[in-house]
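Each value in this text was obtained by applying a stated rule to the coordinates, not by laboratory testing. Quantities reported herein were computed from a predicted structural model and do not represent experimental measurements. Here Cβ is always computed from backbone atoms with ideal geometry, including for glycine, and neighbour counts include all displayed protein chains.
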Amino acid sequence: MKELILVRHGKSSWDYDVQDADRPLKERGIRDAHKIARYAGSRIGEVDAVFSSPANRALHTCMILMRELGIPLEKLEVRKELYDFSGGSVREFVHGLEDRLGKVMLFGHNHALTFLVNDWGSKYVDNVPTTGLVHLAFEGSSWREVSYGKTKLMVFPKQLN
């Protein structure tokens, strides 16, 4: 069995004149990341690896969740392929994961994550909101075989208010 935890970056700020990849999180994005981590912690269990987009907002969201969940930094790898908005590059990345990894957490962007959640999961969502977390499980022993699976958990910040 393979498990994939997809997390969209937190709410970002448009208050700074920076390139898209450098946009920081808003205070709300930071609060939501802590909130999601506290809720999801006991529900997702231990992960084998964490991968994040290099975008500031995604990496900052990733760092908050890793710290809250007690995931060691050695499990993190920043990958430019995850700075993807369509889903194609993220799909290829997941299909290329090493099969020794059973449960992977991935931090990225929309529309890529909404597309993959709906394509691979058993529950439809119009939009994975900022700091939304979706945990998918797949039968089989190879990441190359990942296609349709079961949505184990779908949690969004507004549900936790």
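Miscellaneous remarks
- Partner aspartates and glutamates whose Cα lies under 12 Å from the Cα of residue 26, excluding those fewer than 8 positions away in the same chain, are identified as 15.
- Sorting 105, 1 from the fewest to the most surrounding beta carbons within 10 angstrom yields 1, 105.
- Mean separation of Cα contacts under 8 Å (6+ apart) over length of the stretch 2-160, as relative contact order %: 32 percent
- Total formal charge among the other residues, if their Cβ is under 13 angstrom from that of residue 143, Lys/Arg +1 and Asp/Glu -1: -2
- Candidates per GluC sites (Glu not before Pro) in the stretch 29-101, loop by DSSP, up to 13 other Cβ within 10 Å: 46, 98
- Sites residue 124 and residue 158, calculated FRET efficiency, Cβ-Cβ separation with R0 22 Å, nearest 0.05: 0.80
- Positive-end residue, the stretch 7-161 charge dipole about Cα centroid, Cβ charges, pick of 143, 34, 161: 161
- Between the stretch 126-161 and the stretch 1-78, the alpha-carbon center distance in angstrom: 15 Å
- Each of 39, 148 was scored by other Cβ atoms within 10 Å of its Cβ. Listed from fewest to most, they are 148, 39.
- Charges were assigned to the Cβ only: +1 to each Lys and Arg, -1 to each Asp and Glu. The resulting dipole of the chain about its Cα centre is roughly 580 debye.
- Inter-probe distance in nm under a simple model that places probes 7 Å from Cα toward Cβ, at residue 15 and residue 73: 2.7 nm
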